[in-house]
1. Out of Gly116, Gly87, Gly95, I need the residue that is on the phi > 0 side of the Ramachandran plot and at pLDDT 95 or above. Which one?
2. Where residues in the stretch 163-179 are open to solvent by 30 Å² or more (accessible area, probe 1.4 Å) and not basic (Lys, Arg), which of them is nearest to Glu213 (Cα to Cα)?
3. Checking Phe73 against (1) touching a residue at least 40 places away in the same chain (Cβ under 8 Å); (2) assigned to a helix (DSSP H, G or I); (3) out of contact with any Asp or Glu (no Cβ under 6 Å at 6 or more places or on another chain), which single condition isn't satisfied?
4. Can you tell me which residues in the stretch 216-237 are assigned to a loop (DSSP other than H, G, I, E, B) and under 21 Å from Pro129 (Cα atoms)?
5. List the helices (runs of 4 or more DSSP H) that sit entirely inside the stretch 80-157 and contain at least 1 residues that are free of Cβ contacts under 8 Å to residues at least 24 places away in the same chain, among the small types (Gly, Ala, Ser) and surrounded by fewer than 23 Cβ atoms within 10 Å (Cβ to Cβ).
6. The conditions are (1) under 23 Å from Lys117 (Cα atoms); (2) in contact (Cβ under 8 Å) with a residue 60 or more places away in the chain; (3) open to solvent by less than 70 Å² (accessible area, probe 1.4 Å), and Ala203 fails exactly one of them. Which is it?
7. State whether the residues of the stretch 141-152 include one that is over 14 Å from the mean Cα position of the chain (by Cα), within 26 Å of Arg190 (Cβ to Cβ) and not basic (Lys, Arg).
8. Pull up the stretch 112-149, narrow it to residues that are touching a Lys or Arg at 6+ places or on another chain (Cβ under 9 Å) and among the polar types (S, T, N, Q), then point me to the one that is nearest to Glu215 (Cα to Cα).
Amino acid sequence: ARGRANSVAFVVFGENFMLTAPLVSVVIPTWNRARLVCEAVESALAQSPGGVEVIVVDDGSTDGTAEVLARRFGPRVRVLRQASRRGPGAARNAGVREARGHLLAFLDSDDLWLPGKLDAELGVLERFPDAEVVVSDSLNFLEGQPDERSRFEQNGLLAATGGEPRWMSECRWLWTNIQNNMATCSITLRRSALAHFAGPLFAEDLTCCEDWEFEMRLHRYCRVVVLPRVLASVRRFDDGARPGRAVPGTPFTREQKIGLLRDRLTVMERAHWLDGLDAELAGELLRFRDLFYFLVRRDI
């Protein structure tokens, strides 16, 4: 049975635990999104009631985010306040350090988990007891308008799985290309998977692409199972809450374009830890890196 309340015995994924901690901890970084972050929190609290710990990291907001969360949710949500804005990587890392759950997940402040997301992922982890990570599909929205295709339809992972849960290692899918990435809110990992990471999970020196670098480490070092089912809404709003980063689907400024190229190159240049890749993955990484060297030389 799956645990639902504190201080009761339960069995999950073939392991016995005394549930003195939440089943899953979800980390939500936010900056000046008092309204939107409450919607994200509600979608997380609705998952497996009693088994979810919600940690919101207020990354130096100036719009009263922490106070709004306290009034609306009280002790149901843990709010960590950072004195000044340090970016999404540092905010997520701060939340991870405080997380107590047996599983760890992420949710951006403008995104939503769909009903039943956690239960669906738990079912897959029970079916694949050796899995350390489960990744699921999502649908993108821009100013409330949905994409015609899900993330996995766009990046090829739906076709690679054949529409059925399967090991990532069995999928012919070139994850060394950032165009094939997935939403951070679609990643759930066991606490034991943290042992694969020598330092923080997310880079704190990047304006963007910190999620891609994290994702590549997951694919390289962890046993990942894919659940090709849409379980999250990835929403994008042009609300000024992404300084230095363009809203997907809107034009880039020259500064935003240059910043994106530089951060992508930074990730690729320090990807020396990606050793021992098969020929297809290694070749795609080199091809993609060469392309961005060209783009940087052209645009900077």
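1. Gly116 is the lone residue from the list that is on the phi > 0 side of the Ramachandran plot and at pLDDT 95 or above.
2. It comes out as Gln179.
3. (1) is the only condition that Phe73 fails.
4. Correct list: Cys222, Arg223.
5. 117-127
6. Answer for Ala203: the failing condition is (1).
7. yes
8. Ranking the candidates gives Ser136 first.
The values are calculated or read from the model by the stated rules, or taken from the named source; none is laboratory data. No experiment lies behind these values; they were computed from the predicted model shown. Note that each Cβ is placed from the backbone with ideal geometry, even for glycine, and that neighbours are counted across all protein chains shown. Surface accessibility is based on the protein's heavy atoms, side chains included, excluding ligands, DNA and RNA. Shrake-Rupley method; radii C 1.70, N 1.55, O 1.52, S 1.80 Å.
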